[in-house]
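Before any comments, here is the structure.
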Amino acid sequence: MTQENILRASGKRVLVAAVSAACLASAIGAEAGGTISFGDDKSVSLGFGMRGSFASVENGAPNGTSRSNDFTLDSARIFLSGSLNQNIKGMLNTEKDIAGQGFQAIDANVQITIFPELTIWAGRFLSPSDRANMAGPYYSLGGGYWAGIASRYGYNGGYIGRDDGVAAVGSLLDGKLSYAVGVFEGNTEFKIAPVTVGKRTGTDDLMYAGRVQVDLWDPEPGYYGTGNYLGAKDILAVGIAGRTQGGGSVSTTKTGDYNAYSIDFLLEKKDVGPGAISLEAAYYDYDTDSVFLSEQGTAYTAGAGYIFNDKVGWGKFQPFVRYQKFEADTNKDTRKYDLGTSYIIDGYNAQISAFYSDTKVTGKSSNDAFTVSMQFQF
């Protein structure tokens, strides 16, 4: 065996040992994720997370009139990231598939830092969109997605909002101005091409997406966002996002373009009475070129939370309220109210939430639900 092959084999053994050690550390320790460094800015980090819930939903039983009562594993993820050197890093994150029988890669990308203000992301990842979608189910006020009523970007761009493409990501003015702009495949539930629906074949135009955000108080580092800082920062931020794809809406009878844009707002202030207050709002406009009127229209959302500084037992309470509305061009509105509280044990690594929801669709009776959810990351 040549010296070069010996070095390569040794490097592989070091990597395997690092991953194995990280697995052992995650299994034994209570910290969220473990990182193993092996010199020259090289490292591997491993972690996992899960979300589960119990929900009782009005008229949700199979007979259509009784309440449903269900325990659900909402999410199960494995997080793996690595650093090759100071300028080249990557991530591989998985999520259980819809049937819950296996895992699917949702993030598989490399991040190449050209200079401090510019990093190139390439592979599969979240395309630029609104704060709610960038924060995802693990980092939002009250936990969980916003049920896709107002923030519908997750439906447009691959699996759980992810898409294959490349983007330029960075920040300026000491992190107070952040940007992300990229080009993606644009595979969506709107049958974005390339795809064949019946006998109709869509075009193969790419999807262009971008986001610009201004932080007037504390800066917000990182591309994947956070929906709420749980009283850790003073935030006053406004973000604008948009995406477009020619031939991006394809049905069995018609093909049209897809366009969407949104503006979102977040205010968080520490030391307001015995805790920290947060206020959030967003506006959305979706256009499918009248191909899918049920997904075309405007949407609104607003929420508020208050986290107490003092612990009660293991954690802190954060009561919250949230409102969503989607006005589809079918003249059918969908509205949802949420009222509940989270028990924050260890930030987003350990929390339990309980909330009441009421959903109303035009022409249908309202449905209420009571949900208790838990979230843990290791």
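Which one of these is among the polar types (S, T, N, Q) and over 24 Å from residue 183 (Cα atoms): 203, 252, 244, 226?
Going through 203, 252, 244, 226 in turn, just one is among the polar types (S, T, N, Q) and over 24 Å from residue 183 (Cα atoms): 252.
This table checks each residue for (1) touching a residue at least 60 places away in the same chain (Cβ under 8 Å); (2) farther than 26 Å from residue 210 by Cα; (3) more than 23 Å from the chain's Cα centre (by Cα).
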site: 253; (1), (2), (3): no, yes, yes
site: 258; (1), (2), (3): yes, no, no
site: 264; (1), (2), (3): yes, no, no
site: 276; (1), (2), (3): no, yes, yes
site: 289; (1), (2), (3): no, no, yes
site: 297; (1), (2), (3): no, no, no
site: 301; (1), (2), (3): yes, no, no
site: 310; (1), (2), (3): no, yes, yes
site: 313; (1), (2), (3): no, yes, yes
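Please go through the range 315-326 and pick out each residue that is farther than 30 Å from residue 288 by Cα, within 21 Å of the chain's Cα centre (by Cα) and surrounded by fewer than 18 Cβ atoms within 10 Å (Cβ to Cβ).
321 - this is the single residue of the range 315-326 that is farther than 30 Å from residue 288 by Cα, within 21 Å of the chain's Cα centre (by Cα) and surrounded by fewer than 18 Cβ atoms within 10 Å (Cβ to Cβ).
Pick out the one residue from 39, 100 that is modelled with pLDDT under 90, outside any strand (DSSP E or B) and under 26 Å from residue 372 (Cα atoms).
On inspection, the qualifying residue turns out to be 100.
Which of the residues spanning the range 315-368 are acidic (Asp, Glu) and in contact (Cβ under 8 Å) with a residue 40 or more places away in the chain?
Matches in the range 315-368: 338, 346, 368.
Right, residue 47: surrounded by 18 or more Cβ atoms within 10 Å (Cβ to Cβ), touching a helix residue (DSSP H, G or I) at 6+ places or on another chain (Cβ under 7 Å) and of a type in the set (Gly, Ala, Ser) or not?
yes
Residue by residue through the range 118-141, note down the ones that are among the small types (Gly, Ala, Ser) and at pLDDT 90 or above.
Of everything in the range 118-141, those that are among the small types (Gly, Ala, Ser) and at pLDDT 90 or above turn out to be 122, 123, 127, 129, 132, 135, 140.
One line per residue, one yes/no per condition, for (1) aromatic (Phe, Trp, Tyr); (2) modelled with pLDDT of 95 or more; (3) on the phi > 0 side of the Ramachandran plot; (4) not in a strand (DSSP E or B):
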| position | (1), (2), (3), (4) |
| --- | --- |
| 282 | no, yes, no, no |
| 291 | no, no, no, yes |
| 294 | no, no, no, yes |
| 298 | no, yes, no, no |
| 302 | no, yes, no, no |
| 310 | no, yes, no, yes |
| 318 | no, yes, no, no |
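Answer yes or no as to whether residue 282 is within 26 Å of residue 242 (Cβ to Cβ) and surrounded by 16 or more Cβ atoms within 10 Å (Cβ to Cβ).
On the way: within 26 Å of residue 242 (Cβ to Cβ): yes; surrounded by 16 or more Cβ atoms within 10 Å (Cβ to Cβ): yes.
So residue 282 fits the description; yes.
What residue, of 346, 329, 333, is surrounded by fewer than 17 Cβ atoms within 10 Å (Cβ to Cβ), among the charged types (D, E, K, R) and under 23 Å from the mean Cα position of the chain (by Cα)?
Numbers: 329 fails: under 23 Å from the mean Cα position of the chain (by Cα); 333 fails: under 23 Å from the mean Cα position of the chain (by Cα).
The conditions single out 346.
The values are calculated or read from the model by the stated rules, or taken from the named source; none is laboratory data. In this text the structure is predicted, and so the values were computed from the model without any measurement. All Cβ positions, glycine included, derive from the backbone under ideal geometry; neighbour counts span all protein chains shown.
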